[in-house]
């Protein structure tokens, strides 16, 4: 028996050596264009991400031919780009499917520790810059961000299955996203089942408490309540000024739909079905938002496709909530000051 166990361990060691020798290291193999196609980042971007979380994903010991951090990054990036857990990239790097799954979890969790470094509401200088850039689009004043919800499809969960069924009758996570004028994500809430209404996610997110006493406001569609810090369109515009307001609102708010489209095209795992638990899906979504902002920071080109995200909106709020007194008065003030001529 001892001899058998010894031979088994020897064979496993030789197999690990064989796989390590066969690994194709992407940065030594592909051009920048090919790297972006496979991993959504060029050489500089892959090295940046590797250095960012190197200490969290480096092997603890140099035994049994461990997988190097840069290979782990490429493995995880390929999953985010394709949504495939299978051997499509594992074969290239000679990594087994169980190891691929563990690597994705390790890289995702490591990147999430950097969430607030890359996804955060603007400071005073950034807030003023956002207002100026948004004003240049449709002469709409005071905008610091655009808010919308999007659904990410997931496999049927084993617990509380009915809570994850959305209005389109598939299982999903309902994700609240706020973007700035450069299509960067400045706030993300990805913890809610698909059946939860956008307005409830907003209430629980705490954005109102943060923005209510500040300068400027968010833009949202009619699925959100109208507030002093959240400007929504008129459900039934009554005057030419209100119609001009709605046109400017729609033109400006379309940027958040394009930003979500960019996110999902770059990281196709969010466009298909995440075949993981809801909690792991939420972590992957947050991780992709971090990577989206890193790609913007490094000027990585967007993946080509349709401009707008194809999704569905929540039904409008009822009049009592949609037309809260503070929100209604503030919106009318904007109409009177900027859209009457």
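The values are calculated or read from the model by the stated rules, or taken from the named source; none is laboratory data. Predicted model, so just to flag it, every value in this text is computed and none were measured. All Cβ positions, glycine included, derive from the backbone under ideal geometry; neighbour counts span all protein chains shown.
Exactly one of (1) farther than 27 Å from residue 135 by Cα; (2) modelled with pLDDT of 95 or more is unmet by residue 256. Its number?
With (1) farther than 27 Å from residue 135 by Cα; (2) modelled with pLDDT of 95 or more applied to residue 256, the lone miss is (1).
Let me confirm something: among 286, 272, 305, which residue is surrounded by fewer than 18 Cβ atoms within 10 Å (Cβ to Cβ) and either at pLDDT 95 or above or touching a strand residue (DSSP E or B) at 6+ places or on another chain (Cβ under 8 Å) (or both)?
Only one candidate passes the filter, namely 272.
If residue 294 meets every condition in (1) farther than 21 Å from residue 245 by Cβ; (2) in a loop (DSSP other than H, G, I, E, B); (3) at pLDDT 60 or above; (4) touching a helix residue (DSSP H, G or I) at 6+ places or on another chain (Cβ under 8 Å) apart from one, which number is that one?
All conditions are met except number (2).
Scan the range 196-233 residue by residue and report those that are farther than 23 Å from residue 124 by Cβ and assigned to a loop (DSSP other than H, G, I, E, B).
Within the range 196-233, 196, 197, 221, 222, 223, 224, 225, 232, 233 meet the criteria.
Tally the residues that are touching a strand residue (DSSP E or B) at 6+ places or on another chain (Cβ under 6 Å), surrounded by 16 or more Cβ atoms within 10 Å (Cβ to Cβ) and in a loop (DSSP other than H, G, I, E, B), restricting the search to the range 131-157.
Residues meeting the conditions: 1.
Looking at the range 219-263 only, could you name the residues that are under 30 Å from residue 77 (Cα atoms) and in contact (Cβ under 8 Å) with a residue 60 or more places away in the chain? Lay out the reasoning, then the answer.
Here is the first cut: in the range 219-263, the residues under 30 Å from residue 77 (Cα atoms) are 253-263.
Listed by number, the residues that qualify are 253, 255, 256, 257, 258, 259, 260, 262, 263.
What is the residue count in the range 28-54 for residues that are part of a loop (DSSP other than H, G, I, E, B) and either surrounded by 13 or more Cβ atoms within 10 Å (Cβ to Cβ) or touching a strand residue (DSSP E or B) at 6+ places or on another chain (Cβ under 9 Å) (or both)?
5
Given the conditions (1) under 13 Å from residue 148 (Cβ atoms); (2) touching a residue at least 60 places away in the same chain (Cβ under 8 Å); (3) part of a helix (DSSP H, G or I), report the number of the one that residue 187 does not fulfil.
Every condition holds for residue 187 apart from (3).
What do you reckon, is residue 213 out of contact with any strand residue (DSSP E or B) (no Cβ under 8 Å at 6 or more places or on another chain) and under 27 Å from residue 302 (Cβ atoms)?
no
Hey, can you tell me all the residues within the range 159-181 that are part of a loop (DSSP other than H, G, I, E, B) and touching a residue at least 24 places away in the same chain (Cβ under 8 Å)?
160, 166, 167, 168, 170, 180, 181
Of all residues in the range 115-130, which are modelled with pLDDT of 95 or more and either in a helix (DSSP H, G or I) or within 17 Å of residue 69 (Cα to Cα) (or both)?
115, 116, 117, 118
Is it the case that some residue within the range 158-169 is modelled with pLDDT under 95 and crowded, with 19+ Cβ neighbours inside 10 Å?
No, the range 158-169 contains no residue that is modelled with pLDDT under 95 and crowded, with 19+ Cβ neighbours inside 10 Å.
Go through the residues of the range 235-250 one by one and say whether even a single one is out of contact with any strand residue (DSSP E or B) (no Cβ under 8 Å at 6 or more places or on another chain) and buried (at least 22 other Cβ atoms within 10 Å of the Cβ).
Yes: the range 235-250 contains one or more residues that are out of contact with any strand residue (DSSP E or B) (no Cβ under 8 Å at 6 or more places or on another chain) and buried (at least 22 other Cβ atoms within 10 Å of the Cβ).
Give me the pairs, please: first residue somewhere in the range 123-135 and in the same structural domain as residue 247 (by TED's automatic domain parsing), second residue anywhere and assigned to a helix (DSSP H, G or I), beta-carbon distance under 7 Å, and either six or more positions apart or on two chains.
134/252
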